[in-house]
Amino acid sequence: MGDSMSKVAMKSGKMVRKQKLMPPQMTERFTQTSDLFVLAHMGIPAVSADDWSLQIDGLVETPLNLTFEDLQKLPKREIVTIHQCAGSPLNPTAPTRRIANVRWAGVDLRELLSEVGIKPGATHLWAYGLDHGEFAGEAQEAYLKDSPLSRLDGGDVLIAYELNGEPLPVEHGFPARLLVPGYFGTNSVKWLSRLHLADHRATSLFTSRFYNDDVPGSDDTRPVWEIAPESVFVSPAPDAQLTRGPQEIWGWAWSASAVQSVEVSTDGGVTWNEAELEPRVQRTWQKFSFSWTDGKSGAHELLCRATDSAGNTQPLTGARNAVYGVTVTVN
Ligand SMILES: Nc1nc2c(c(=O)[nH]1)N[C@H]1C(S)=C(S)[C@@H](COP(=O)(O)O)O[C@H]1N2
Ligand SMILES: [Mo]
């Protein structure tokens with residue numbers, strides 16, 4: 001791809017949105033690749049590893065063009081992390097619970113860029129995908145996202161070419177994608193073709209028009225970057241019929257930083273109880289559990305609420321990470 005303007009064909013120009021697991025099905029700690037959600041705004045491009053290369057340019061000392069072979073010769077790093085879709089950019093406050101916990105491998109971008117040399121003044125990393133087409137009635141030359149370059153200091157940003165120990169499947173970005181752990185999935189550009197360092201944000205449908213949240217109480221917006229604290233029950237499931245007696249309630253909690261506490265309410269949010277919570281390993285989700293012993297016969301609304309180590313808590317309503325609840329009946 002020496003000529004960055006030559007386009008690959010699209011296998012299909014239709015948006016892809018697959019959600020395979022809902023919270024009651026998230027019984028496994030690690031999400032299998034076949035159970036992973038898939039999002040592609042403009043469809044799936046047809047990319048071959050032989051023709052693929054990654055251009056690194058902009059505010060760098062030595063612009064580079066890496067082939068897939070070059071990439072695989074560099075030190076390989078692994079990371080286990082949550083992977084979460086922010087939901088539809090047309091409806092950004094609707095919770096979707098598109099969340100997974102997976103293992104990636106690839107090249108550490110901070111290490112690579114330190115070899116390439118970052119020029120003074122660089123503040124943003126622009127990432128281009130090979131997919132193009134139309135989204136929300138607007139024609140796009142490429143899927144383009146940006147991240148603050150300072151995110152690299154937090155570690156673990158990869159040019160990923162493996163998912164769960166296998167080459168990236170086509171729909172997940174073959175042959176290589178950007179992976180920004182702790183940021184919403186939208187930032188982890190699949191079918192990566194170009195990384196460009198700049199001194200300002202990128203202007204594109206996916207950076208300027210969409211994926212900016214309103215900041216409550218102001219006219220400002222904030223890019224959809226860091227994952228917000230969230231938690232879901234795996235058990236019980238919505239509308240579960242429970243037999244009277246002690247109940248083992250459990251689920252997963254996650255955020256960009258480690259989750260520090262999860263509270264469970266069994267009375268629709270009137271009172272809250274501290275759940276047991278396992279510590280975080282790398283950037284994975286954390287299991288929480290709560291023994292509920294005093295459930296009387298009838299309907300109960302169970303809620304869970306996570307707070308992360310940055311002090312952020314889930315709001316009850318009005319946000320993609322709004323508190324999750326299930327209504328159960330005790331017989
Ligand atoms: N090139 C490209 N990368 C992309 C997208 C896209 O449409 N094109 N969708 C993003 C969104 S919204 C999400 S949630 C994740 C989904 O990654 P997955 O399909 O591998 O689960 O990819 C992101 N990367
Ligand atoms: Mo997404």
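The values are calculated or read from the model by the stated rules, or taken from the named source; none is laboratory data. All values derive from a computational prediction rather than experimental measurement. So basically every Cβ, Gly included, is an ideal-geometry build from the backbone, and we count neighbours across all protein chains shown. These area figures cover heavy atoms from the full protein model, side chains too; ligands, DNA and RNA do not enter into them. Shrake-Rupley method; radii C 1.70, N 1.55, O 1.52, S 1.80 Å.
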Spin-label proximity, ARG110 to segment 149-171 - amide N less than 18 Å from point 7 Å beyond Cα toward beta carbon: 149-160
Contour excess over end-to-end distance, with Cα ends at VAL170 and ASN65 and 0.36 nm allotted per residue: 35.6 nm
Shape call, the chain: gyration tensor on alpha carbons, a/c limit 1.5: prolate
Centre separation in Å (Cα based) which lies between segment 282-331 and segment 6-79: 33 Å
Shape of segment 66-134, Cα gyration tensor, a/c cut at 1.5: prolate
Extension reserve of the LEU90-THR329 stretch, reckoned as 0.36 nm per residue once the Cα distance is removed: 82.6 nm
Whole-number percent relative contact order across segment 10-223, with pairs defined as alpha carbons under 8 Å at least 6 apart: 23 percent
Accessible heavy-atom area order of GLU278, GLU115, highest first, probe of 1.4 Å: GLU115, GLU278
Estimated FRET transfer efficiency when R0 is 22 angstrom, pair LYS7-GLU138 (beta carbons, to 0.05): 0.85
For the chain, calculated [θ]222 nm from helices alone, where every DSSP H run of n ≥ 4 adds -39500 (n - 2.57): -1000 deg cm²/dmol
Neighbourhood charge, 10 Å Cβ-Cβ cut-off, centred on ASP220 and excluding it, Lys, Arg +1 and Asp, Glu -1: -2
Label-point gap, in nm, between ARG201 and THR293 - each point 7 angstrom along Cα→Cβ: 5.2 nm
Shape of segment 230-330, Cα gyration tensor, a/c cut at 1.5: prolate
Extended-chain gain in nm, criterion 0.36 nm per residue less alpha-carbon gap, ALA46 and PHE30: 2.9 nm
Euclidean distance between Cα centres, segment 91-154 to segment 208-263, Å: 23 Å
Probe 1.4 Å - accessible area at LEU130, Å² to nearest ten: 20 Å²
Proximal lysine pairs, the chain, alpha carbons under 19 Å, eight or more residues apart or interchain: 7
